[in-house]
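Notes follow the structure.
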Amino acid sequence: MSFEASLLFETADRLLAKECTAERLLEAQAGGWLAGPWAALEQAGLTQAMSLGEELPASTAVQLARIAGSHALPLPLAETMLAGWLLARAGLDAPEGAISLAMGDDLSFEDGKASGTLRRVPWGRHVAHVVTVVERYGVAHLLCLPTAGAGLTEGANLAFEPRDDLAVDSAPVAAAAFADGVAGFRAAAAAIRALAMAGAMASTLDLTVRYANERSQFGRPIGKFQAIQHNMAILAGQAAAALGAGDIAAEALGAREIGVLPIAIAKVRAGEAAGIVAGLAHQIHGAIGFSQEYRLHFLTKRLWSWREEFGAEAEWSRLIGRQAVAAGPEGLWPLVASI
Amino acid sequence: MNALTFPTPASSEAAEALRAEVRAFLAETIADRPPHKRAETWFGFDAGFSEKLAAKGWVAMTWPKRYGGHERSALERYVVLEELLAAGAPVAAHWIADRQSGPTLMKFGTERQKADILPRIAAGKCFFCIGMSEPDAGSDLAAVRMLARKVEGGYVVNGTKLWTSFGHHAHYMILFCRTDPASQRQEGTSQFLVDLATPGISIKPIVDISGSHHFNEVHFTDVFLSDDAIIGAPGNGWQQVTSELALERSGPERFLSSFELLVRLVAWLQSRPESQAESQAEPQAEALVGRLVAHLAVLRRLSRSVATLLENGENPGLQAAIVKDLGATLEQEMPEVIRHVLALEPMVESPDPAAAVLAQLILSAPGFSLRGGTREILRGIIARGLGLR
Ligand SMILES: Cc1cc2nc3c(=O)[nH]c(=O)nc-3n(C[C@H](O)[C@H](O)[C@H](O)COP(=O)(O)OP(=O)(O)OC[C@H]3O[C@@H](n4cnc5c(N)ncnc54)[C@H](O)[C@@H]3O)c2cc1C
């Protein structure tokens with residue numbers, strides 16, 4: 001990693017540690033928009049980190065999604081950053097402010113206008129634009145759709161992060177052909193969720209190690225019990241796998257085309273780890289981890305949400321499986337070794 | 001470095017060119033090897049194959065040329081290893097010598113030991129076994145009792161080593177035992193280079209649950225080892241043996257043991273008749289293949305990352321333990337989950353390769369989380385690395 005990149009990551013980590021206090025996380029959970037922290041992210045240049053060109057490759061910058069996940073950041077940093085990068089790939093300008101991403105399955109596009117519904121849009125009520133993808137006569141188009149005037153139906157994921165439906169009727173949009181296709185778009189969005197999960201798992205591990213060393217029962221820290229130690233070791237192994245998966249996803253955004261297969265692999269592996277990590281972390285924390293007051297739930301609820309978003313394991317594992325079967329017994333290993 | 005430090009693995013064009021060469025060599029050399037034999041992976045023994053591999057320069061790859069090595073990078077060596085294992089090549093003969101005995105000699109041995117032994121390993125003609133476990137010292141290696149008693153000009157060794165893989169084919173053993181009779185635990189232990197032809201050594205087979213003979217008990221009765229058989233400093237055995245274990249724990253052999261069964265599953269899915277292809281089980285079977293490929297690809301990345309740490313001179317004992325524990329868990333899970341899809345009775349002698357591979361793996365899987373450190377021991381190491389012990 002370059003010096004610039006590690007500097008940026010350190011800055012981001014420090015900034016997010018400062019901004020993501022428990023009070024703020026609760027405020028966001030109640031539906032509030034954290035305007036102050038958002039302004040700080042913009043000012044630090046983080047929202048455009050994937051659009052710095054040679055200076056900082058997108059495949060490195062996207063690791064900010066992991067750092068954001070590690071702090072359970074309740075803001076669309078990763079979405080905005082990735083949306084800007086996707087727009088640039090299609091030759092479109094990124095608008096100012098927060099941008100979200102959503103699939104365009106229920107959207108039609110005709111004469112520069114979009115009609116239909118964008119579903120489960122992350123932070124939909126708070127962003128000014130949503131980037132989406134639609135296929136028209138076999139050609140994928142990337143659209144940048146202003147949210148002003150759209151019909152809003154509020155929703156949320158398990159972590160109470162906004163996941164809203166936005167209905168539009170003949171809304172004018174900026175559009176351009178998108179070479180990576182619908183699959184590439186969905187994979188790119190899945191990549192930031194895989195990275196965010198990896199970050200959240202790394203933090204869950206840290207938090208749980210700390211707790212196991214602090215909490216005493218039967219006259220000693222619970223971390224001294226072998227059963228706890230072995231569960232911690234499993235948790236650490238799964239977190240390590242998730243981080244490896246996240247790195248695979250990040251690198252897949254550097255290539256000339258978006259690497260759908262490696263991202264599928266990353267989303268499947270991180271998604272599986274998420275459930276194990278969250279379950280063990282809660283077990284080791286006992287009742288305190290089950291309370292609003294303690295920080296763990298901000299991470300675990302996100303893990304349970306993010307593993308579903310932009311394709312759960314069932315979807316992506318079938319895609320990998322189909323490619324593996326198509327590769328056949330001779331081609332299976334070359335496929336694994338190509339990742 | 002913490003438990004989650006897994007740097008980006010190194011890669012190079014030279015390594016990828018080498019990969020193509022290895023694949024071509026394997027396609028020619030082991031074309032006839034049946035799937036259930038491939039499923040033996042690094043427990044498949046064929047001295048002739050090891051010699052052919054050495055002739056290609058693919059044994060002792062990273063060692064200095066003056067010891068018969070080829071001064072290739074650790075990355076290139078990794079590529080060769082994973083290609084051999086994924087193909088199910090019979091690598092057992094030279095595996096231990098190449099992986100750990102040679103490197104131990106390189107690091108701690110005398111010039112004479114190195115000059116004598118290393119070129120023969122590199123030629124694929126000299127095989128090693130590991131003399132660590134004893135009847136009362138398994139996971140608790142520091143409980144070894146076997147004693148090399150100091151005498152004029154050397155040592156006299158008595159005792160028994162157990163579970164010695166391929167001891168009956170090996171030329172040498174690296175013996176870990178006590179040299180100070182009054183010592184406790186880790187103290188007073190040493191390593192020796194033992195020529196297994198030395199008088200007083202007898203090797204008896206131990207048949208494993210599958211009915212095959214790969215491991216042994218090795219009895220030492222008044223075996224005289226001269227002073228120059230000691231490796232490194234007397235009393236330094238524990239430090240040496242633990243550094244050897246890091247080499248043993250993170251390679252591709254720790255997650256590819258069941259790969260052949262996934263190959264069989266893919267072959268079965270590809271060749272099934274149309275009528276079955278439409279069946280309800282289909283999406284599930286594809287999803288299972290996808291999930292297992294995802295696990296393998298991520299483990300491979302972590303394992304290559306540990307290889308990179310080793311190459312950079314770090315001591316990734318913690319990362320290696322994580323890779324081995326995750327890897328063994330996957331290797332053991334694969335036959336258990338794949339059998340649900342194949343719905344075949346595992347049969348050692350079956351003409352159906354999938355049934356034969358399944359049988360081979362069900363019978364070898366229990367060992368995956370025992371050999372090279374049990375699951376429980378690894379998890380203890382990881383917990384210590386996390387700061388819990
Ligand atoms: C296929 C195979 C090949 C082998 N090849 C060799 C070889 O070539 N050379 C060689 O020296 N050895 C070899 N071994 C031996 C191997 O190193 C030992 O099996 C291993 O170290 C465990 O020792 P053990 O079998 O005596 O089990 P034990 O140590 O008796 O363990 C029995 C059970 O108790 C658990 N246990 C032990 N201590 C603890 C603890 N502190 N906390 C929690 N649980 C614990 C273990 O995890 C295990 O589940 C081989 C083993 C196998 C299976």
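Using each residue's phi in the stretch B:8-24, evaluate 6.51 cos²θ - 1.76 cosθ + 1.60 at θ = phi - 60° and report the 3J(HN,Hα) Karplus result to the nearest Hz, with x for Gly and Pro.
Karplus-based 3J(HN,Hα) across the stretch B:8-24 equals 4, x, 6, 8, 7, 5, 4, 5, 6, 5, 4, 4, 4, 5, 5, 4, 5 Hz.
What value, in deg cm²/dmol to 500, does the helix sum -39500 (n - 2.57) over DSSP H runs of n ≥ 4 give at 222 nm once divided by the residues of chain A?
-17500 deg cm²/dmol
For each pair in B:Lys56/B:Lys125; B:Lys125/B:Lys161; B:Lys52/B:Lys125, compute the distance between the two Cα atoms and list the pairs where it is over 18 Å. Display every interim value, and only then the final one.
Details: B:Lys56/B:Lys125 14 Å; B:Lys125/B:Lys161 24 Å; B:Lys52/B:Lys125 10 Å.
Exceeds cut-off: B:Lys125/B:Lys161.
What number, in percent, do you get for the relative contact order of chain B if the mean sequence gap of Cα pairs under 8 Å and at least 6 apart is divided by its residue count? All intermediate terms of the calculation are to be shown ahead of the outcome.
Numbers: 678 pairs, mean separation 68.2, N = 389.
It comes to 18 percent, rounded to a whole number.
Most mobile of A:Ala326, A:Ala17, A:Ala274 per a Gaussian network model of chain A (Cα springs, under 10 Å)?
Most flexible of the set in this elastic network: A:Ala326.
Kindly state, to the nearest 0.05, the FRET efficiency for B:Glu21 paired with B:Val348, given R0 = 35 Å and r defined as their beta-carbon distance. List each step's numbers first, then the result.
Values: r = 34 Å, r/R0 = 0.98.
My answer for the efficiency is 0.55.
Please label the shape of the stretch B:198-252 as rounded, prolate or oblate, based on the square roots a ≥ b ≥ c of the eigenvalues of the alpha-carbon gyration tensor (a/c under 1.5 means rounded; beyond that, a/b larger than b/c means prolate, else oblate). Walk me through the intermediate numbers first.
Working: a/c = 3.52, a/b = 1.13, b/c = 3.12.
Oblate, since a/c reaches 1.5 and b/c is not below a/b.
Rounded to the nearest 0.05, what FRET efficiency do A:Ser170 and A:Ser338 give with R0 = 56 Å and r taken as the Cβ-Cβ distance? Could you check?
Numbers: r = 44 Å, r/R0 = 0.79.
It comes to 0.80.
Which ³J(HN,Hα) values, rounded to whole Hz and listed in residue order, are derived for the stretch A:91-104 from phi using the Karplus coefficients 6.51, -1.76 and 1.60 in 6.51 cos²θ - 1.76 cosθ + 1.60 with θ = phi - 60°, glycine and proline given as x?
Along the stretch A:91-104, the couplings run x, 9, 7, 7, x, 5, x, 6, 10, 10, 10, 8, 6, x Hz.
Within the stretch A:76-175, which GluC sites (Glu not before Pro) sit in a loop by DSSP and count at most 12 neighbouring Cβ atoms inside 10 Å? Intermediate values should be presented prior to the final figure.
On the way: sites: A:Glu79, A:Glu96, A:Glu110, A:Glu135, A:Glu154; in loops: A:Glu96, A:Glu154.
For GluC sites (Glu not before Pro) across the stretch A:76-175 that sit outside H, G, I, E and B with at most 12 neighbouring Cβ atoms in 10 Å, the list reads A:Glu96, A:Glu154.
State to the nearest 20 debye the size of the charge dipole of the stretch B:13-126 about its Cα centre, where the only charges are +1 on K and R beta carbons and -1 on D and E beta carbons. List each step's numbers first, then the result.
Working: 17 positive and 15 negative charges, 76 e Å.
It comes to approximately 360 debye.
Pairing the Cα long axis of helix A:3-19 with the longest principal axis of chain A, what angle in degrees results, from 0 to 90 and rounded to the nearest 10?
Helix A:3-19 sits at roughly 70 degrees to that axis.
Given +1 on the Cβ of Lys and Arg, -1 on the Cβ of Asp and Glu, and no further charges, what dipole in debye does the protein assembly as shown carry about its Cα centre, rounded to the nearest 20?
Values: 65 positive and 80 negative charges, 320 e Å.
Here the protein assembly as shown has a charge dipole of around 1540 debye.
Kindly list the residues of the stretch A:103-127 that lie in the label zone of A:Glu135, defined by a backbone N under 14 Å from the point 7 Å along the Cα-to-C-beta vector.
The answer is A:104-107, whose backbone nitrogens lie closer than 14 Å to the label point.
By how many degrees, 0 to 90 and rounded to 10, does the Cα axis of helix A:226-251 deviate from the longest principal axis of chain A?
20 degrees
When all alpha-carbon pairs of chain A are counted, what percent fall beyond 28 Å?
Values: 23959 of 57291 pairs.
Counting pairs separated by more than 28 Å, the tail of P(r) holds 42 percent.
Let me know the Rg and Dmax you get for the stretch A:196-302 when you use only its Cα atoms, in Å.
Calculated on Cα positions, Rg and Dmax stand at 15.6, 58 Å.
For the stretch B:304-310, just list the computed ³J(HN,Hα) in residue order, Karplus coefficients 6.51, -1.76 and 1.60, θ = phi - 60°, integers in Hz, with x standing in for Gly and Pro.
5, 5, 5, 4, 5, 4, 4
Points 7 angstrom from Cα along the Cβ direction at B:Ala142 and A:Ala179: gap in nanometres?
If labels sit at B:Ala142 and A:Ala179, their model points lie 6.0 nm apart.
Among DSSP bridges having both ends in chain A, what percentage is antiparallel? Round to the nearest 5. Could the numbers behind the result be given before it?
Numbers: 29 of 32 bridges.
So the antiparallel bridges in chain A amount to around 90 percent.
Name the long-range amide H neighbours of B:Gly154: under 5 Å, sequence gap of 5 or more, or other chain; modelled H, no Pro or chain starts.
B:Asp227
Treating cross-link reach as a plain straight distance, find the lysines whose alpha-carbon is under 19 Å from the alpha-carbon of B:Lys107, omitting any fewer than eight places away in the same chain.
Output for B:Lys107: B:Lys65.
In Å², nearest 100, what accessible area do chains A and B bury in total when the solvent probe is 1.4 Å? Write out the running numbers ahead of the final one.
Details: alone 15020 and 17350 Å², together 28570 Å².
Between A and B, the summed buried area is about 3800 Å².
Can you give me the relative contact order of the stretch A:3-177 as a percent, contacts being Cα pairs under 8 Å and 6 or more apart?
So the answer I get is 19 percent.
Which one of A:Phe290, A:Ala274, A:Ser108 is farthest out on the positive end of the charge dipole of chain A, using unit charges on Cβ (Lys, Arg +1; Asp, Glu -1) and the Cα centre as origin?
Ranked along the dipole, the leading option is A:Phe290.
State the answer as a single residue: which of B:Ser139, B:Phe127, B:Gly44 lies farthest towards the positive end of the charge dipole of the stretch B:1-156, with beta carbon charges of +1 for Lys and Arg and -1 for Asp and Glu, about the Cα centre.
B:Phe127
With the Cα gyration tensor of the stretch A:3-177 giving a ≥ b ≥ c as the square roots of its eigenvalues, does the rule (a/c under 1.5 for rounded; else a/b larger than b/c for prolate; else oblate) give rounded, prolate or oblate?
Working: a/c = 2.46, a/b = 1.34, b/c = 1.84.
Cα axes put the stretch A:3-177 in the oblate bin.
Got a sec? Which residues in the stretch B:138-155 would a label at B:Gln239 touch, if it sits 7 Å along Cα→Cβ and we count backbone N under 19 Å?
Residues B:142 qualify, since their backbone N sits under 19 Å from the label point.
Would you mind working out the accessible area per residue for the stretch B:250-385, using a 1.4 Å probe, and quoting it in Å²?
Details: 4970 Å² over 136 residues.
Normalised by residue count, the accessible surface of the stretch B:250-385 is 37 Å².
Accessible area per residue of the stretch A:118-246 at 1.4 Å probe, in Å²?
Working: 4650 Å² over 129 residues.
Using a 1.4 Å probe on heavy atoms only, each residue of the stretch A:118-246 averages 36 Å².
For the protein assembly as shown, what are Rg and Dmax over the alpha carbons, in angstrom?
Radius of gyration, then largest Cα-Cα span, for the protein assembly as shown: 28.1, 98 Å.
Per residue, how large is the accessible surface of the stretch A:9-96? Use a 1.4 angstrom probe and give square angstrom. Spell out each step's value before the answer.
Numbers: 3620 Å² over 88 residues.
Averaged over the residues of the stretch A:9-96, the accessible area is 41 Å².
So how strong a dipole does the stretch B:130-235 carry about its Cα centre when Lys and Arg Cβ are +1 and Asp and Glu Cβ are -1, to the nearest 20 debye?
Working: 7 positive and 12 negative charges, 22 e Å.
Around 100 debye, computed over the stretch B:130-235.
Mind pulling up the Rg/Rh value for chain B? Radius of gyration and Kirkwood radius, both on Cα. Show your work: numbers first, answer last.
Details: Rg = 21.5 Å, Rh = 21.9 Å.
Rg divided by Rh gives 0.98.
Over all distinct Cα pairs, what is the inverse of the mean 1/r for the stretch B:1-102, reported as the Kirkwood hydrodynamic radius in Å?
Working: mean 1/r = 0.0691 Å⁻¹.
Computed over the stretch B:1-102, the radius equals 14.5 Å.
Please state the Cα pair-distance histogram of the stretch B:130-235 with 10 angstrom bins from zero: what percent is in each bin?
Final binned percentages: 16, 50, 28, 6, 0.
Assuming a ≥ b ≥ c are the square roots of the Cα gyration tensor eigenvalues, decide whether the stretch A:28-124 counts as rounded (a/c under 1.5), prolate (otherwise, with a/b larger than b/c) or oblate. Let's see the in-between values first.
Numbers: a/c = 2.03, a/b = 1.22, b/c = 1.66.
The shape class here is oblate.
Can you tell which of A:Gly275, A:Gly124, A:Gly69 shows the greatest fluctuation in a Gaussian network model of chain A with Cα springs below 10 Å?
In the Gaussian network model the winner is A:Gly275.
Counting pairs of alpha carbon atoms under 8 Å apart in space and at least six apart in sequence, what relative contact order in percent does chain A give? Intermediate values should be presented prior to the final figure.
On the way: 631 pairs, mean separation 53.0, N = 339.
After rounding, I find 16 percent.
For a quick check of your reading of the filter: which chymotrypsin sites (Phe, Trp or Tyr not before Pro) in the stretch A:107-184 sit in a DSSP loop and have no more than 10 other Cβ atoms within 10 Å?
Here the sparse-neighbourhood loop sites are A:Tyr137.
In nm, to one decimal, how far is the B:Phe224 label point from the B:Val207 one, both placed 7 Å along Cα→Cβ?
3.8 nm
For the protein assembly as shown, which whole percent of the accessible surface, found with a 1.4 angstrom probe, sits on carbon and sulfur atoms? Each step should come with its number before you reach the end.
Working: 14870 of 28570 Å².
On the protein assembly as shown, the fraction of accessible area on carbon and sulfur atoms equals 52 percent.
Given the options A:Ala58, A:Ala183, A:Ala227, which has the most mean-square fluctuation in a GNM of chain A, springs set between C-alpha atoms less than 10 angstrom apart?
Per the Cα network of chain A with a 10 Å cutoff, A:Ala227 tops the list.
Taking the alpha-carbon centroid of each part, what is the distance from the stretch B:64-92 to the stretch B:249-269 in angstrom?
19 Å
Any chance you could give the angle, 0 to 90 degrees and rounded to 10, that helix A:313-337 forms with the longest Cα principal axis of chain A?
Tilt relative to chain A: about 90 degrees.
Would you list which lysines come within 25 Å of A:Lys18, measuring only between C-alpha atoms, while excluding same-chain residues fewer than 8 positions from it?
Correct list for A:Lys18: A:Lys301.
Hey, got a sec? Which GluC sites (Glu not before Pro) in the stretch A:269-339 land in a DSSP loop and have at most 13 other Cβ atoms within 10 Å?
Numbers: sites: A:Glu272, A:Glu293, A:Glu308, A:Glu309, A:Glu313, A:Glu315, A:Glu330; in loops: A:Glu293, A:Glu308, A:Glu309.
Loop-located and lightly packed - A:Glu293.
Loop by DSSP (not H, G, I, E, B), at most 15 other beta-carbon atoms within 10 Å: where is the longest site-free stretch of chain B for GluC sites (Glu not before Pro)?
Numbers: sites that count: B:Glu71, B:Glu152, B:Glu187, B:Glu278, B:Glu314, B:Glu349.
Longest site-free region, per DSSP loop and neighbour criteria: B:188-277.
The values are calculated or read from the model by the stated rules, or taken from the named source; none is laboratory data. For clarity, every value in this text was computed on a predicted model and none was experimentally measured. Every residue, glycine among them, receives a Cβ derived from its backbone with ideal geometry; neighbour counts consider all protein chains shown. When the accessible area is computed, the model is the full protein with side chains, heavy atoms only, and any ligands, DNA or RNA have been set aside. Shrake-Rupley method; radii C 1.70, N 1.55, O 1.52, S 1.80 Å.
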